[in-house]
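Reading through the structure tokens given below for one structure.
The values are calculated or read from the model by the stated rules, or taken from the named source; none is laboratory data. This is a predicted model, so every value here is computed, not measured. When we count neighbours, we look across all protein chains shown, and the Cβ atoms used for this are built from the backbone with ideal geometry, even at glycine.
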Amino acid sequence: MRISRRGLLDTADLILMAVLAPTGVPYPQARLQGCPFLGEKGCQLPWRARPYACLHYVCGHLKRVMTLEEARAVDRALVKAGELRSQMVGAYTQGRSAK
Ligand code: SF4
């Protein structure tokens with residue numbers, strides 16, 4: 001599923017969405033333009049369950065207003081978040097295959 005011009009909803013996103021939003025998420029709306037989860041008040045997904053492409057995206061405006069040290073801290077945090085995401089998906093898939 002395409003989320004934005006830059007990102008796709010991948011298998012890891014679906015696994016984490018199921019784990020982090022166990023009560024479910026809004027049904028995606030078919031659109032010619034824009035994300036299927038974009039509503040009148042913004043993203044309809046709980047932020048924890050948003051696709052990785054959305055959570056790690058740093059827009060140009062944010063990049064311009066951050067100091068170099070803040071940008072580096074964000075980069076480090078995003079690397080860590082990516083590692084944790086991989087660990088979570090690995091643990092989930094190992095647990096599923098062990099049953
Ligand atoms: S943040 Fe939400 S509305 Fe925006 S692209 Fe990601 S899923 Fe879609």
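For region 25-57, which residues satisfy the criterion of being under 21 Å from Thr93 (Cβ atoms) and exposed (fewer than 11 other Cβ atoms within 10 Å of the Cβ)?
The answer is none; no residue qualifies.
Look at region 2-24 and say how many of its residues are exposed (fewer than 13 other Cβ atoms within 10 Å of the Cβ) and at pLDDT below 85.
5
How do the pairs read when you match residues in region 21-47 that are closer than 16 Å to Leu8 by Cβ and polar (S, T, N, Q) with residues anywhere that are part of a loop (DSSP other than H, G, I, E, B) and at pLDDT below 85, using Cβ under 9 Å and keeping only pairs 6 or more apart or on different chains?
Note: no pairs meet the criteria.
Those residues that are of a type in the set (Val, Ile, Thr) and modelled with pLDDT under 90, I need them from region 34-76; list them, please. Write out each step before concluding.
Filtering region 34-76 for residues of a type in the set (Val, Ile, Thr) gives 58, 65, 67, 74.
Matches in region 34-76: Val58 only.
Kindly list, by first and then second residue, each pair from a residue in region 54-66 that is under 19 Å from Gln44 (Cα atoms) to a residue that is assigned to a loop (DSSP other than H, G, I, E, B), limited to pairs with Cβ atoms under 7 Å and residues at least 6 apart or on different chains.
Within 7 Å, the pairs are Cys54/Ile3; Cys54/Gly7.
In region 49-91, which residues are among the charged types (D, E, K, R) and within 16 Å of the ligand (Cβ to nearest atom)?
Looking only at region 49-91, we keep the residues that are among the charged types (D, E, K, R), and these are 50, 63-64, 69-70, 72, 75-76, 80, 83, 85.
Listed by number, the residues that qualify are Arg50, Arg85.
On the given criteria, is Thr23 of a type outside the set (Phe, Trp, Tyr) and in a helix (DSSP H, G or I)? Outline the logic, then answer.
On the way: of a type outside the set (Phe, Trp, Tyr): yes; in a helix (DSSP H, G or I): no.
Judged against the criteria, Thr23 is not a match.
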